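S.K.: This is the structure I want to talk about, given as structure tokens.
The values are calculated or read from the model by the stated rules, or taken from the named source; none is laboratory data. Since we're looking at a predicted model, the values are computed, not measured. Positions of Cβ are generated from backbone atoms using ideal geometry, with glycine treated the same way; all protein chains shown enter the neighbour counts.
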């Protein structure tokens, strides 16, 4: 999810997902041009697995996605 989106930023979207109970089964990674998270991230750190700044190298992004898939596999095996 991008931090800077029209209408509703990424942080607002995460807060809404949380309040609506839509976080289960989702892994949130922020993809943004901002070098560092701002104060809007306060309280959401435990919900965001990664903070990737643009520009990024494609191989780094692919490695991140692979780690997310590992997280999904772990979540699935824990639920069995």
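S.K.: Which count do you get for residues in region 1-13 that are in contact with a helix residue (DSSP H, G or I) (Cβ under 9 Å, 6 or more places away or on another chain) and either surrounded by fewer than 12 Cβ atoms within 10 Å (Cβ to Cβ) or assigned to a loop (DSSP other than H, G, I, E, B) (or both)?
M.R.: First, the residues of region 1-13 that are in contact with a helix residue (DSSP H, G or I) (Cβ under 9 Å, 6 or more places away or on another chain): 1-5, 8-12.
Narrowing further to those that are either surrounded by fewer than 12 Cβ atoms within 10 Å (Cβ to Cβ) or assigned to a loop (DSSP other than H, G, I, E, B) (or both): 1, 3-5, 8-9.
Here the count works out to 6.
S.K.: Only one residue in 25, 43 is outside any strand (DSSP E or B) and without any contact (Cβ under 8 Å) to a residue 12 or more places away in the chain, so which one is that? Show your work before the answer.
M.R.: Numbers: 25 fails: without any contact (Cβ under 8 Å) to a residue 12 or more places away in the chain.
Within the list 25, 43, the selection yields 43.
S.K.: Please work out which residue is nearest to residue 65 (Cα to Cα), limiting yourself to region 27-42 and to residues that are out of contact with any helix residue (DSSP H, G or I) (no Cβ under 7 Å at 6 or more places or on another chain) and surrounded by 10 or more Cβ atoms within 10 Å (Cβ to Cβ). Give the derivation first.
M.R.: Of region 27-42, the ones out of contact with any helix residue (DSSP H, G or I) (no Cβ under 7 Å at 6 or more places or on another chain) are 31-39, 42.
From what is left, the residues that are surrounded by 10 or more Cβ atoms within 10 Å (Cβ to Cβ) are 31-34, 37-38.
Values: 31: 12, 32: 16, 33: 19, 34: 20, 37: 20, 38: 24 Å.
Across region 27-42, the extreme among qualifying residues is 31.
S.K.: Can you pull out the residues in region 46-80 that are in a helix (DSSP H, G or I) and in contact with a strand residue (DSSP E or B) (Cβ under 6 Å, 6 or more places away or on another chain)? Full working, then the answer.
M.R.: Taking region 46-80 and keeping what is in a helix (DSSP H, G or I), we get 46-47, 58-78.
Correct list: 47, 64.
S.K.: Consider residue 16 against the criteria (1) part of a helix (DSSP H, G or I); (2) out of contact with any strand residue (DSSP E or B) (no Cβ under 7 Å at 6 or more places or on another chain); (3) surrounded by 12 or more Cβ atoms within 10 Å (Cβ to Cβ); (4) modelled with pLDDT of 90 or more: it satisfies all of them except one. Which criterion is unmet?
M.R.: All conditions pass for residue 16, except number (3).
S.K.: For region 43-65, how many residues are under 14 Å from the mean Cα position of the chain (by Cα) and either surrounded by fewer than 11 Cβ atoms within 10 Å (Cβ to Cβ) or more than 12 Å from residue 11 (Cβ to Cβ) (or both)? Steps first, answer last, please.
M.R.: At the first step, the residues of region 43-65 found to be under 14 Å from the mean Cα position of the chain (by Cα) are 43-53, 61, 64-65.
Filter again for either surrounded by fewer than 11 Cβ atoms within 10 Å (Cβ to Cβ) or more than 12 Å from residue 11 (Cβ to Cβ) (or both), leaving 45-46, 49-50, 52-53, 61, 64-65.
So the answer is 9.
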